[in-house]
Amino acid sequence: MRSFRFRPTLESFEERLTPAVSPAAWFGAAAQTMAAASFFQHTMTDPGWMRNPAFQGFLTQKLTEVFQGSASAAATFAAAGLGGSGLAAMAQATEAMAVQVGNWTGIAVAPVAPPAPAPAPTDAGMTNTMPDPNDPNWVALGSAGLKTWDVVSGSGTPVAAGESITVFYTGWLASNGTKFDSRRSPAAPATFALSGLIQGWQQGIVGMKPGGIRRLFVPAALGYGAAGSPPNIPANADLVFEIKLISHT
């Protein structure tokens, strides 16, 4: 008696499987793909029920299963070297259909990728040496000897008096270029309340915009005055700062 086998097409695919994909995995992917296609074939003839709130729980579960199963099946076919087969195309189509139906019914089917983390702020654009106190780029601010020099203008809302600022900065003694204080990347920027800073900063930083780099020439009277700030800042010391504004509130 002649023996008949009903799977000539599946046998031909099975012969082409790579060792990385077992026949069981491939047949499971094929079954998932057929089931997903059958679901859409039968439900899309009368899709109005999908908008019925009573069926939202079922539809959410089903669309999620179809999306995840179809994506897994497509990956299995690709690993088996069958990425260009009809079943692979069907798996990709049912995956896309699950997303489309989800969008139509207000159901989030595909996982939403988290937003990329914001890059850490850096001190890019700042100098490592003291700006020349006699450079012609300095602009007088008021009559007390305070001067500013905007290297980068920045953008956005300008700093107002009394706000808190987050900055990178370096400070030098104007007389000899000795660096007495600094906060630069890779360290995190420093945050200060303007009201607690020397007058040179309170007056000189107002108007800066985020991303801006400003240099300040601060006369002793608007800095630490006759008392200085031992041991790093002597009495009656004029100061030079370079400040990069990261943000303000």
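Checked against the criterion of being modelled with pLDDT under 95 and assigned to a loop (DSSP other than H, G, I, E, B), the stretch 93-107 has at least one qualifying residue. Here Phe192 passes the criteria (1) hydrophobic (A, V, I, L, M, F, W, C); (2) closer than 23 Å to Asn232 by Cα; (3) free of Cβ contacts under 8 Å to residues at least 40 places away in the same chain; (4) in a loop (DSSP other than H, G, I, E, B) except the one numbered (4).
I'd like to know if the stretch 204-223 contains one or more residues that are without any contact (Cβ under 8 Å) to a residue 40 or more places away in the chain and either among the acidic types (Asp, Glu) or out of contact with any Ser or Thr (no Cβ under 7 Å at 6 or more places or on another chain) (or both). Yes, some residue in the stretch 204-223 is without any contact (Cβ under 8 Å) to a residue 40 or more places away in the chain and either among the acidic types (Asp, Glu) or out of contact with any Ser or Thr (no Cβ under 7 Å at 6 or more places or on another chain) (or both).
Checked across the stretch 119-130, the condition of being part of a loop (DSSP other than H, G, I, E, B), loosely packed, with under 10 Cβ neighbours inside 10 Å and in contact (Cβ under 8 Å) with a residue 12 or more places away in the chain holds for at least one residue.
Taking Thr148, is it touching a Leu at 6+ places or on another chain (Cβ under 6 Å), closer than 17 Å to Gln203 by Cα, modelled with pLDDT of 90 or more and not in a loop (DSSP other than H, G, I, E, B)? Against the criterion (touching a Leu at 6+ places or on another chain (Cβ under 6 Å), closer than 17 Å to Gln203 by Cα, modelled with pLDDT of 90 or more and not in a loop (DSSP other than H, G, I, E, B)), Thr148 qualifies.
Report whether or not Ala54 is out of contact with any Asp or Glu (no Cβ under 7 Å at 6 or more places or on another chain), under 20 Å from Ala71 (Cα atoms) and at pLDDT 80 or above. I'd like the intermediate steps shown before the answer.
Numbers: out of contact with any Asp or Glu (no Cβ under 7 Å at 6 or more places or on another chain): yes; under 20 Å from Ala71 (Cα atoms): no; at pLDDT 80 or above: yes.
No.
Being in contact (Cβ under 8 Å) with a residue 24 or more places away in the chain, charged (D, E, K, R) and farther than 15 Å from Met208 by Cα is a condition met by at least one residue of the stretch 173-180.
Quick check: is even one residue across the stretch 153-161 among the small types (Gly, Ala, Ser), under 23 Å from Pro219 (Cβ atoms), loosely packed, with under 14 Cβ neighbours inside 10 Å and in contact with a strand residue (DSSP E or B) (Cβ under 7 Å, 6 or more places away or on another chain)? So far as the stretch 153-161 goes, no, none of its residues is among the small types (Gly, Ala, Ser), under 23 Å from Pro219 (Cβ atoms), loosely packed, with under 14 Cβ neighbours inside 10 Å and in contact with a strand residue (DSSP E or B) (Cβ under 7 Å, 6 or more places away or on another chain). Among residues belonging to the stretch 213-232 that are more than 18 Å from Thr129 (Cα to Cα) and touching a strand residue (DSSP E or B) at 6+ places or on another chain (Cβ under 6 Å), point out the one that is surrounded by the most Cβ atoms within 10 Å (Cβ to Cβ). Filtering first and then ranking leaves Gly223. Scanning the stretch 207-249 for residues that are hydroxyl-bearing (Ser, Thr, Tyr) and in a strand (DSSP E or B), we see that the one that is nearest to the chain's Cα centre (by Cα) is Ser247. Using the structure shown, decide if Val109 is without any contact (Cβ under 8 Å) to a residue 60 or more places away in the chain and either within 24 Å of the chain's Cα centre (by Cα) or under 24 Å from Pro231 (Cα atoms) (or both). Yes.
The values are calculated or read from the model by the stated rules, or taken from the named source; none is laboratory data. Computed from a predicted structure; not experimentally measured. All Cβ positions, glycine included, derive from the backbone under ideal geometry; neighbour counts span all protein chains shown.
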